[in-house]
């Protein structure tokens, strides 16, 4: 099937639910068996079928089946949040004495997990320039077990040459783990580019309505899936029944929503790029972006999340601009139907390569509103910025 058809049909089995189009929400803890023999057979295959609510239900199985099909992997694992998917994966793949290469542009909670928890467990993290490409081979050690990528980078939107990084990692026996939340499998197929494990914060575009916390891990190979699933189960991490249902429901409209996010985001990005009070727009789908060639080669689309650097101005002026916005909420998440904006300068952390911006930086999540209304809202904000800067 083509992707839009796969989004609609993957993971659906009406015949198992008396013809219901959507699987019901299974609220399950205890599962009973007709005989001791049946119980022992279930214990021998703990992750296949219903055994205990924490290991999965027909609702989570449907969601995981649909995501795996869309992403092109073997099997998926649902978790309580995107961060739970990240930490569970890294915990499963790394042990004391191991080394992980982490992109310097990673999502900050991932960095915090590496610096605080992996370090405490005896795992060393080296942050690398996200634009390194095949040059990452020089940083891979005999004990490097994971090379972690995120494209584009969180907050600053650097693109990464995933196939080149994957080739270098695999040549030296390391696995490639990717945060694929920005593009989703609709706009980036990770396993065709050499990724071994793909992670998404399904909280964002898959749920799509800012009302559920959900993560999902998809693996290229069954053995990887079993390895990670075993650790996730042992940690007691599982997604709630309602959250999985909302993720599955949101997945069905992902295609139409993501294309609208893309169109609205590009309309805003192009308009912002023409303003004298904007120093630069950080959006890989724009032809003048440093990562545009990689984006065009490997990606089939872009979501509505991007950033911009303002011309130098006082912080109070930026606050005046943001505080008066009507259509943009001030909020840290993204992927929902509503537009969001946040200042990011204080949140950008770099240790491998310096991040330089002469002026304040903002991140925009472009929602599903009419782009003319969003542009008018920003235009009024720039008027407040100019007045407060005078």
Legend entry - All strands (runs of 3 or more DSSP E) inside segment 255-358 with 3 or more residues being under 22 Å from the mean Cα position of the chain (by Cα) and within 17 Å of residue 374 (Cα to Cα): 305-310, 339-343
Inset, instruction - Please enumerate the residues belonging to segment 333-347 that are touching a strand residue (DSSP E or B) at 6+ places or on another chain (Cβ under 9 Å) and at pLDDT 95 or above. - result: 334, 335, 336, 338, 339, 340, 341, 342, 343, 344
Inset, instruction - Filter the strands (runs of 3 or more DSSP E) completely within segment 105-190 down to those with at least 3 residues that are in contact with a strand residue (DSSP E or B) (Cβ under 6 Å, 6 or more places away or on another chain) and farther than 30 Å from residue 259 by Cβ. - result: 124-128, 144-150
Inset, instruction - Give me the pairs, please: first residue somewhere in segment 4-20 and at positive phi and in the same structural domain as residue 74 (by TED's automatic domain parsing), second residue anywhere and surrounded by 12 or more Cβ atoms within 10 Å (Cβ to Cβ) and in a loop (DSSP other than H, G, I, E, B), beta-carbon distance under 9 Å, and either six or more positions apart or on two chains. - result: 11/23
Legend entry - Selection status of residue 54, in a loop (DSSP other than H, G, I, E, B), touching a helix residue (DSSP H, G or I) at 6+ places or on another chain (Cβ under 9 Å) and either over 30 Å from residue 135 (Cβ atoms) or modelled with pLDDT of 90 or more (or both): no
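Being outside the structural domain of residue 82 (by TED's automatic domain parsing), touching a residue at least 60 places away in the same chain (Cβ under 8 Å) and touching a strand residue (DSSP E or B) at 6+ places or on another chain (Cβ under 8 Å) narrows it down to one of 330, 378, so name that one.
378
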Inset, instruction - Those residues that are under 15 Å from residue 75 (Cβ atoms) and touching a helix residue (DSSP H, G or I) at 6+ places or on another chain (Cβ under 9 Å), I need them from segment 226-238; list them, please. - result: 227, 228, 229, 230, 231, 232, 233
Legend entry - Matching residues, segment 94-111, being surrounded by fewer than 20 Cβ atoms within 10 Å (Cβ to Cβ) and touching a helix residue (DSSP H, G or I) at 6+ places or on another chain (Cβ under 7 Å): 108, 109
Legend entry - Every residue from segment 226-251 that is surrounded by 20 or more Cβ atoms within 10 Å (Cβ to Cβ) and not in a helix (DSSP H, G or I): 237, 238, 239
Inset, instruction - Report, by residue number, each residue of segment 1-42 that is out of contact with any helix residue (DSSP H, G or I) (no Cβ under 9 Å at 6 or more places or on another chain), under 25 Å from residue 205 (Cα atoms) and assigned to a loop (DSSP other than H, G, I, E, B). - result: 2
Legend entry - Residue in segment 205-224 that is surrounded by the most Cβ atoms within 10 Å (Cβ to Cβ), counting only those that are over 30 Å from residue 259 (Cβ atoms) and touching a residue at least 24 places away in the same chain (Cβ under 8 Å): 224
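The values are calculated or read from the model by the stated rules, or taken from the named source; none is laboratory data. A quick note: this is a predicted structure, and the numbers were derived from the prediction, not measured. Heads up, the Cβs are rebuilt from the backbone with ideal geometry, glycines too, and the neighbour counts pull from every protein chain shown.
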